[in-house]
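Below is one structure, written out as structure tokens; comments come after it.
The values are calculated or read from the model by the stated rules, or taken from the named source; none is laboratory data. Since we're looking at a predicted model, the values are computed, not measured. For neighbour counting, all protein chains shown are included, and Cβ atoms are generated from backbone atoms with ideal geometry for every residue, glycine included.
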Amino acid sequence: MPRHGTRALLLLLAAALAAACSDAPTSGTAPAARPNFLWIVADDMSFELAAYGDPLARTPNLDRLAAEGVRYTNAFATAGVCAPSRATLITGMYATSIGAHHMRSIVGGYYPVPPPEVKTFTEYLRAAGYYASSKNKLDYQFSDTLTGAPITNWDDANGDWHGRAPDQPFFAYVTLLETHESQLLVDGPIETDPGAVNLPPYLPDTPVVRGDLARFYDNVARLDAQVGRLLDMLDEEGLAENTIVFFFPDNGRPLPREKRWVYDGGIHEPVIVRWPGTLDPGGVNERLVSYVDFAPTVLSLAGVEVPSHMQGRVFLGAHVDPEPDFVFAAADRFDEAEDRIRAVRDTRFKYVRNYHPETPYGQTIRFRDNLKTMQEIFRMHDAGLLLPPADWYYRATKPIEELYDTASDPYELDDLADRPEQQQRLARMRAAHEQWVQDTGDLGAIPEEELAEQYWPGGVQPVAPPPSIEPAGGASDGPVQVAIRSEVEGASLAYTLEAGDDAHWLLYMRPITLDASATLRARAVRYGWADSSDASATFTVGGR
């Protein structure tokens, strides 16, 4: 059989088996036509959308999506930077609970090894018969930034939904890079009027800083065009009516005191969900939503039972959980800058706990320091021209606690923590923070070198041993069943009947039935470890 014929047959078989008898528990009977999902994730962005009231934004495609869907106004990332945020999004677990809270953990000489029960939610979707794909940014802290996420996570780690079997439901995760911090380092003409941008008071008001923000608006417009192409693909392929589209950024826009921070500029995000026939077009939802809620919500909408270890709440669909009183966020090491900050947010107030008040607000992060805005902050300080509140970067210490009323003080500049009339609220939010630290097993108090030693003893990455491949039954002249097993607790298993480095790896869930002779390869995957070498076995079926 031709190679691509084999792949198509495998996809059909895997989808049919998963849909018929998935190991992933289901919440009742899955609907006859399970919804598709498309996540459109902007890299480093906030509320620069006309649909959210920004008159300077040129976002016709995102505005169209908002007009056809629902805008969430109280949605928050769990971290102000991408990789810890993605770790939460993909697992439904706080990054602080699974050791993924330090930005680019490999800088510290390790990948975190999550508890054995923790899987990416795309594995649960694949087990339930979904085709899962990703495009751009596969770094969830526990996998290599370049080679991508574990092979059990995706059917296609660098593509879209087009490789799926006919009528197979899909989940597609597309990250758009046009608004990433690096794009502010690009020179060239700017279309947005720098004089028209709304500059936050914690940044100096100079032509250089205005130029950076104007360029960012241009980048948002370029991102919006990419969104339009994705939405057009759904329309042209007749998929729009049965596809739930999520749009959201991974963290705030790439300016100082925004990206990497737990102030609202780093974590308060626009979230748009379009679900034709179910969500009223043009709606607004003020519910508190956290990014830790996204994985359980998608599983619930797909008819897959939410694993009990997941820490988020279902915020959409037939099985909505109660709204939380608070959402939580964290900041730890960012590249070479070490810190530990936690935040608690309700629909109006923000509590911040600084575990290292002795560290300054501003620390050296070499990549960020290349920004023209950062260079301008340095220049103005050296010239004695950097005035409050834009001088925040040079404050030598931080208070242990901060409290802000984001309704009257959206830029979080007026700290209320010492106000007598706010002590009851401060105590309540402090207690919520302390309870969250305890309940979620926040690992932030453990020195990173101890975590590294725990995950990679002696600085050496553990390697999963190859799995075993064994016959599991079947007549000598008929189909053969094959079982794959690993001795490693928490290991996921992948298999393929294809040869070569570009083989399509399927997620192993139960014994495989071979109707024809074949050579089967299998691999064990333990998050944070190196994948096993391939085990292989050849099976002869009925002389064929």
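Looking only at region 164-178, decide whether some residue is over 30 Å from Leu371 (Cα atoms), in contact (Cβ under 8 Å) with a residue 60 or more places away in the chain, in contact with a Pro (Cβ under 8 Å, 6 or more places away or on another chain) and not charged (D, E, K, R). Walk me through how you get there before you give the answer.
As a first pass, look at region 164-178 and keep what is over 30 Å from Leu371 (Cα atoms): 164-172.
Those left that are additionally in contact (Cβ under 8 Å) with a residue 60 or more places away in the chain: 164-166, 168-172.
Keeping just the survivors that are in contact with a Pro (Cβ under 8 Å, 6 or more places away or on another chain) gives 169.
If we keep only those that are not charged (D, E, K, R) as well, we get 169.
There is at least one residue in region 164-178 that is over 30 Å from Leu371 (Cα atoms), in contact (Cβ under 8 Å) with a residue 60 or more places away in the chain, in contact with a Pro (Cβ under 8 Å, 6 or more places away or on another chain) and not charged (D, E, K, R).
Quick check on region 505-530: of everything there that is touching a residue at least 40 places away in the same chain (Cβ under 8 Å) and closer than 16 Å to Ser468 by Cβ, which residue is farthest from the chain's Cα centre (by Cα)?
Step by step, filter region 505-530, then rank; the result is Leu520.
Name, by its number, the condition in (1) under 22 Å from Trp39 (Cβ atoms); (2) at pLDDT below 95; (3) among the aromatic types (Phe, Trp, Tyr) that does not hold for Phe334.
Status for Phe334: all satisfied but (1).
Taking Thr364, is it of a type in the set (Ser, Thr, Tyr), part of a helix (DSSP H, G or I) and either under 28 Å from the mean Cα position of the chain (by Cα) or assigned by TED's automatic domain parsing to the domain that holds Thr206 (or both)? Steps first, please.
Details: of a type in the set (Ser, Thr, Tyr): yes; part of a helix (DSSP H, G or I): no; either under 28 Å from the mean Cα position of the chain (by Cα) or assigned by TED's automatic domain parsing to the domain that holds Thr206 (or both): yes.
The answer is no for Thr364.
Across region 173-194, what is the number of residues that are buried (at least 21 other Cβ atoms within 10 Å of the Cβ) and in a loop (DSSP other than H, G, I, E, B)?
Total satisfying the criteria: 3.
Select from region 137-152 the residues that are surrounded by fewer than 22 Cβ atoms within 10 Å (Cβ to Cβ) and modelled with pLDDT of 90 or more and list them in ascending order.
Passing the criteria: only Ile151.
Kindly evaluate Phe47 against the criterion of being under 19 Å from the mean Cα position of the chain (by Cα) and either in a strand (DSSP E or B) or assigned by TED's automatic domain parsing to the domain that holds Thr406 (or both). Before the answer, list the steps.
Working: under 19 Å from the mean Cα position of the chain (by Cα): yes; either in a strand (DSSP E or B) or assigned by TED's automatic domain parsing to the domain that holds Thr406 (or both): no.
Criteria not met by Phe47.
Let's see how each residue does on (1) closer than 30 Å to Arg313 by Cβ; (2) of a type in the set (Phe, Trp, Tyr):
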residue: Thr364; (1), (2): no, no
residue: Asn370; (1), (2): no, no
residue: Arg379; (1), (2): no, no
residue: Thr397; (1), (2): no, no
residue: Trp436; (1), (2): yes, yes
residue: Gln454; (1), (2): yes, no
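From the list Tyr411, Tyr455, which one is outside the structural domain of His356 (by TED's automatic domain parsing), surrounded by 15 or more Cβ atoms within 10 Å (Cβ to Cβ) and in contact with a helix residue (DSSP H, G or I) (Cβ under 9 Å, 6 or more places away or on another chain)? Walk me through it before giving the result.
Working: Tyr411 fails: outside the structural domain of His356 (by TED's automatic domain parsing).
Every option except Tyr455 fails the conditions.
Grab the strands (runs of 3 or more DSSP E) fully contained in region 440-544, keeping just those with 2 or more residues being among the basic types (Lys, Arg).
Numbers: elements: 468-473, 480-485, 492-496, 512-514, 518-525, 535-539.
Here the list reads 518-525.
Evaluate region 119-129: report whether one residue or more is part of a loop (DSSP other than H, G, I, E, B) and farther than 16 Å from Thr88 by Cα. Lay out the reasoning, then the answer.
Narrowing region 119-129 to residues part of a loop (DSSP other than H, G, I, E, B): 119-120, 128-129.
With farther than 16 Å from Thr88 by Cα added as a condition, the list becomes 128-129.
For region 119-129, residues part of a loop (DSSP other than H, G, I, E, B) and farther than 16 Å from Thr88 by Cα: present.
Against the conditions (1) within 33 Å of the chain's Cα centre (by Cα); (2) free of Cβ contacts under 8 Å to residues at least 60 places away in the same chain, where does Gln422 fall short? Just the number, please.
(1)
Is it true that some residue in region 376-389 is more than 31 Å from the chain's Cα centre (by Cα), in a loop (DSSP other than H, G, I, E, B) and among the charged types (D, E, K, R)?
No, there is no match, as no residue in region 376-389 is more than 31 Å from the chain's Cα centre (by Cα), in a loop (DSSP other than H, G, I, E, B) and among the charged types (D, E, K, R).
What about Val118, is it in contact with a helix residue (DSSP H, G or I) (Cβ under 9 Å, 6 or more places away or on another chain) and touching a residue at least 40 places away in the same chain (Cβ under 8 Å)? Give the derivation first.
Working: in contact with a helix residue (DSSP H, G or I) (Cβ under 9 Å, 6 or more places away or on another chain): yes; touching a residue at least 40 places away in the same chain (Cβ under 8 Å): yes.
For Val118, the condition - in contact with a helix residue (DSSP H, G or I) (Cβ under 9 Å, 6 or more places away or on another chain) and touching a residue at least 40 places away in the same chain (Cβ under 8 Å) - is met.
Hey, does region 396-418 have a residue that's polar (S, T, N, Q), assigned to a loop (DSSP other than H, G, I, E, B) and under 23 Å from Val437 (Cα atoms)?
Checked region 396-418: no residue is polar (S, T, N, Q), assigned to a loop (DSSP other than H, G, I, E, B) and under 23 Å from Val437 (Cα atoms).
Assigned by TED's automatic domain parsing to the domain that holds Tyr351 and more than 27 Å from Phe334 (Cα to Cα), is that true of Arg428? Please lay out each step first, then the result.
Values: assigned by TED's automatic domain parsing to the domain that holds Tyr351: yes; more than 27 Å from Phe334 (Cα to Cα): yes.
Judged against the criteria, Arg428 is a match.
Look at region 452-504 and say how many of its residues are in contact with a Pro (Cβ under 7 Å, 6 or more places away or on another chain) and free of Cβ contacts under 8 Å to residues at least 24 places away in the same chain.
2
Considering only region 239-338, give the strands (runs of 3 or more DSSP E) lying wholly within it that have at least 1 residues that are under 23 Å from Asp54 (Cα atoms).
Working: elements: 243-249, 268-274, 283-290, 327-331.
Qualifying strands (runs of 3 or more DSSP E): 243-249, 268-274, 283-290.
Keeping to region 51-91, report how many residues are assigned to a loop (DSSP other than H, G, I, E, B), within 27 Å of Val284 (Cβ to Cβ) and out of contact with any Asp or Glu (no Cβ under 8 Å at 6 or more places or on another chain). Spell out how you get there, then give the answer.
First, pick out the residues of region 51-91 that are assigned to a loop (DSSP other than H, G, I, E, B): 53-59, 69, 77-78, 80-81.
Cutting the leftovers down to within 27 Å of Val284 (Cβ to Cβ) gives us 53-59, 69, 77-78, 80.
Next, from what is left, pick out any that are out of contact with any Asp or Glu (no Cβ under 8 Å at 6 or more places or on another chain): 53, 55, 69, 78.
Residues meeting the conditions: 4.
Suppose we keep only residues that are of a type in the set (Gly, Ala, Ser) and on the phi < 0 side of the Ramachandran plot within region 285-324. Which one would you say is surrounded by the fewest Cβ atoms within 10 Å (Cβ to Cβ)? Steps first, please.
Residues of region 285-324 of a type in the set (Gly, Ala, Ser): 290, 295, 300, 302-303, 308, 312, 317-318.
Adding the requirement that they be on the phi < 0 side of the Ramachandran plot leaves 290, 295, 300, 302, 308, 312, 318.
Details: Ser290: 24, Ala295: 27, Ser300: 21, Ala302: 26, Ser308: 6, Gly312: 26, Ala318: 11.
Filtering first and then ranking leaves Ser308.
Quick check: anything in region 210-230 without any contact (Cβ under 8 Å) to a residue 24 or more places away in the chain and more than 19 Å from Phe47 (Cβ to Cβ)? Full working, then the answer.
Initial filter on region 210-230 (without any contact (Cβ under 8 Å) to a residue 24 or more places away in the chain): 210, 229.
If we keep only those that are more than 19 Å from Phe47 (Cβ to Cβ) as well, we get 229.
Yes, because at least one residue in region 210-230 is without any contact (Cβ under 8 Å) to a residue 24 or more places away in the chain and more than 19 Å from Phe47 (Cβ to Cβ).
Would you confirm whether or not region 155-172 contains a residue that is crowded, with 23+ Cβ neighbours inside 10 Å, of a type in the set (Phe, Trp, Tyr) and under 30 Å from Leu443 (Cα atoms)?
no
What number of residues in region 251-278 are out of contact with any Asp or Glu (no Cβ under 6 Å at 6 or more places or on another chain) and not hydrophobic (A, V, I, L, M, F, W, C)?
Of region 251-278, the ones out of contact with any Asp or Glu (no Cβ under 6 Å at 6 or more places or on another chain) are 251, 255-258, 260-262, 264, 267-273, 275, 277-278.
Filter once more, so that each one left must be not hydrophobic (A, V, I, L, M, F, W, C): 251, 256-258, 260, 264, 268-270, 277-278.
Of the residues in region 251-278, 11 are out of contact with any Asp or Glu (no Cβ under 6 Å at 6 or more places or on another chain) and not hydrophobic (A, V, I, L, M, F, W, C).
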